[in-house]
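Have a look at the structure below before the remarks.
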Amino acid sequence: MAGEPQADCLFCKVVTGEVPATLVRETETTVAFRDINPQAPTHVLIVPRVHYPDAASLAAAEPQIAADLLVAAGEVAAQEKVDGTGFRIVFNTGTGAGQTVFHAHAHLLGGRGLNWPPG
Ligand code: AMP
Ligand code: ZN
């Protein structure tokens with residue numbers, strides 16, 4: 001069924017605690033944790049507890065949870081004190097865009113200057 005946990009999914013395992021992560025925020029529908037290979041002083045991943053392969057499919061199926069993800073990203077930005085200087089929320093979608101984990105996730109990046117356009 002759509003949204004059900006996937007046995008072979010790394011971020012489903014972070015959600016259940018089977019794979020350890022440094023959690024920074026939890027809500028009823030989302031979990032936020034530090035990226036294991038940070039690309040900025042603040043690099044936090046925000047994931048829905050439910051499993052969808054990418055952000056667009058999450059938004060199409062469960063728009064409220066997609067909105068929850070963005071609210072959580074804003075709360076983490078404030079918690080990490082990058083809301084004043086600026087931050088970026090990234091949803092890599094598809095291998096050609098660098099997606100490597102196929103459980104929807106937002107990257108929250110901040111704490112340094114962020115060039116535009118990105119690479
Ligand atoms: P993406 O390439 O957009 O799919 O993002 C996947 C992100 O997950 C990468 O930035 C990885 O560094 C990060 N990552 C992979 N494994 C872990 C893990 N066990 N805990 C935290 N972050 C992870
Ligand atoms: Zn998953």
> Short version: ³J(HN,Hα) in whole Hz for each residue of segment 85-99, in order, from phi by Karplus 6.51 cos²θ - 1.76 cosθ + 1.60 (θ = phi - 60°), x for Gly and Pro, what are they?
Replying inline: 8, x, 8, 10, 10, 10, 10, 5, 9, x, 4, x, 9, x, 6
> Once amide H atoms are built 1.01 Å from N in the peptide plane, which residues 5 or more positions from His51, or in another chain, come under 5 Å H to H?
Replying inline: Gly3, Glu4
>> Using Cα-Cα distances under 8 Å and only pairs 6 or more residues apart, what relative contact order does the chain have, in percent?
In response: 29 percent
>> Using each residue's phi in segment 108-119, evaluate 6.51 cos²θ - 1.76 cosθ + 1.60 at θ = phi - 60° and report the 3J(HN,Hα) Karplus result to the nearest Hz, with x for Gly and Pro.
In response: 10, 10, x, x, 8, x, 10, 6, 9, x, x, x
> To the nearest 10 degrees, how steeply does helix 63-79 sit against the main Cα axis of the chain, on a 0 to 90 scale?
Replying inline: 40 degrees
>> Over the Cα atoms of the chain, what radius of gyration and what Dmax do you get, in Å?
In response: 13.6, 41
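Readers should treat all values here as calculations from the given coordinates under stated rules, not as data from a laboratory. Bear in mind that the values here come from a model prediction, so they are computed numbers and not experimental data.
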